[in-house]
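Inspection log for the structure reproduced underneath, given as structure tokens.
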Amino acid sequence: MNTLHDDAETAARRGAMIDELRALGAIRRDEIARAFSAVPRHVFAPGESLAAAYAANSSVLSKRDERGVVLSTVSAAHIQAVMLDQARLRPGMRVLEIGSGGYNAALIAELVGDDGEVTTVDIDPEVIDRTRVCLNAAGYGRVNTVPADADGGVPDFAPYDTVIVTARAWDIPPAWTDQLVEGGRIVVPLRLRGLTRSVALDRVLNETGTRLVGDDVRLCSFVPMQGAGAHQERVIRLDGGRVELRFDGPQPVDTDRLDTALFGPRLERWSRVEFDRPDLLDLWLASTLPVPGILTAEQGPIDDGLVGPAAKLGVPTLVSADGLAYRKKRPTPGTDRFEVGVRAHGPDAAPLAEQYGELLQRWRFYHHDLHGTGPLLEVFPAATTDADLPPGCVIDKVHTRIVITWP
């Protein structure tokens with residue numbers, strides 16, 4: 001489809017990106033490599049250098065709001081490759097992309113071919129206009145571009161074999177499932193108790209109704225959904241805002257007491273459990289902790305030793321009225337491996353450390369039973385009763401009830 005001709009530097013940059021994506025395990029199939037080879041990513045990153053446009057692990061900023069908050073990006077090629085692998089696209093498929101930038105839609109168009117159809121939707125008319133211009137310039141004029149709040153899907157071009165969401169979603173609106181063919185697949189960066197994971201879910205119909213089911217769970221990061229699907233997490237700011245605790249919803253937490261606990265007594269305990277698959281470990285912890293928060297911190301408090309390094313990217317945290325506990329790691333002497341442990345703060349440090357440590361011991365057994373890429377996720381309509389849900393961690397949303405089951 002692409003009729004542009006690369007100069008030597010562009011071709012080299014693109015080839016190097018594909019080689020790096022293969023080495024990282026993001027590109028696993030030849031057809032995805034061919035799509036990345038065909039689509040000129042730099043066309044969708046006007047004003048950026050070729051080095052920035054073809055960086056495997058960096059997104060390209062396309063829009064901020066008046067406060068400097070990122071509203072839209074061209075996602076990093078690495079996560080785009082991962083999600084396309086999850087999607088399992090084939091020639092002739094009809095695909096809805098929620099959240100536009102243009103480059104991913106072009107990749108999808110390469111994968112579904114001339115007999116397929118691609119529709120991309122975004123709530124921001126400026127983003128859609130920019131996407132349309134870039135798609136035309138790159139030779140993908142047949143991709144449908146729609147300015148709309150994607151909470152309602154895009155019924156005009158439905159039904160879809162696959163829905164790929166490229167913005168962080170707190171919930172799955174009914175329209176996304178309703179506009180999917182039976183057996184179709186949704187790939188979505190889903191917010192699960194403060195963590196974001198790209199999950200691949202298949203639409204399944206049985207005697208109890210329609211649900212989404214999948215066990216392909218990958219680490220990812222995306223800007224949050226806007227419009228009707230937006231969700232506000234509760235944020236507790238400690239240490240003058242340099243340390244934060246995020247909660248999925250309202251929590252009866254006294255900020256002053258937690259701030260005092262953060263600077264109070266501290267202890268560390270070690271589990272003798274190998275630190276492996278932190279992406280799954282954190283999801284296990286978030287789905288198992290009774291009051292899960294996500295602890296994040298600026299570099300300053302980490303350098304000062306106030307909080308552990310895991311807080312840089314966010315770490316599932318056990319919280320009480322007078323304490324908090326979270327995981328950390330240390331090298332295993334004489335090896336290149338690490339041991340996972342717990343660090344606890346405040347008057348409740350000892351019982352919190354013990355409780356967190358018990359979870360790490362339980363993780364040892366679950367980890368060894370994980371033969372796929374993650375736990376089983378099942379997404380049911382919000383009206384589903386407890387009696388009709390399988391056992392597991394139940395996460396209640398507005399439109400859905402999500403059940404996470406570990407082996």
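We did not get these values from a lab; they are worked out from the coordinates using the rules stated. Treat the numbers as computed from the prediction; the structure is a model and nothing was measured. In this analysis, Cβ positions are derived from the backbone assuming ideal geometry, glycine residues included, and neighbour counts consider all displayed protein chains.
Among the trypsin sites (Lys or Arg not before Pro) found in the range 332-407, those both in a DSSP coil and sparsely packed, with 15 or fewer other Cβ atoms within 10 Å of their Cβ, are ARG337. Each peptide in 84-92, 278-286, 200-208 gets a packing score, the mean of other Cβ atoms within 10 Å over its residues, and the list from highest to lowest is 278-286, 84-92, 200-208. Net charge of the neighbourhood of VAL82, taken over other residues with C-beta under 14 Å away and scored Lys/Arg +1, Asp/Glu -1, is +2. Which net charge results when you count Lys and Arg as +1 and Asp and Glu as -1 among the other residues whose beta-carbon is under 14 Å from that of ARG132? Summing Lys/Arg as +1 and Asp/Glu as -1 gives -3.
Taking the C-alpha atoms only, the angle from helix 125-138 to the longest principal axis of the chain is near 50 degrees.
Computed from the C-beta positions of PHE263 and ASP156 and an R0 of 56 Å, the FRET efficiency is 0.50 to the nearest 0.05. From helices alone, the chain scores -8000 deg cm²/dmol at 222 nm; the rule is -39500 (n - 2.57) for each run of n ≥ 4 DSSP H residues, then divide by the residue total. Each Lys or Arg adds one and each Asp or Glu takes one away; over the other residues whose Cβ falls under 11 Å from the Cβ of GLY99, this sums to -2. Put simply, the convex hull of the Cα atoms in the range 8-229 casts, on average, a shadow of 12.2 nm². Give me the distance between the Cα centres of the range 272-348 and the range 185-251, rounded to whole Å. Comparing the Cα centres of the range 272-348 and the range 185-251, I get a distance of 20 Å.
Just want the ordering: SER58, SER37, SER320, from fewest to most Cβ atoms lying within 10 Å of their own Cβ. Least to most surrounded, the residues fall as SER37, SER58, SER320. Overall form of the range 234-368: prolate. Here a/c, set by the Cα gyration tensor axes a ≥ b ≥ c, is 1.5 or more, and a/b is the larger of a/b and b/c. Placing a pseudo-label 7 Å from each Cα along the Cα-to-Cβ vector at PHE338 and GLU182 gives an inter-label distance of 4.7 nm.
Put in line by how crowded their Cβ is, counting other Cβ atoms within 10 Å and starting with the fewest, THR335, THR120, THR10 read THR335, THR10, THR120. Between the beta carbons of GLU9 and ASP388, assuming R0 = 45 Å, the FRET efficiency works out to 0.15 to the nearest 0.05.
Here the Gaussian network model covers the chain, with springs between Cα atoms less than 10 Å apart; of ALA383, ALA175, ALA53, ALA383 fluctuates the most. Across all Cα atoms of the chain, the radius of gyration (one decimal) and Dmax (whole number) stand at 22.1, 66 Å. Close amide H contacts of TYR160 (hydrogens built in the peptide plane, cut-off under 5 Å, sequence separation of 5 or more or a different chain): LEU180, VAL181.
Here GLU298 and THR405 are evaluated by their C-beta separation; at R0 = 30 Å the FRET efficiency comes out at 0.25. Our estimate of slack between ALA33 and TYR366, defined as 0.36 nm per intervening residue step minus the Cα-Cα distance, is 116.5 nm.
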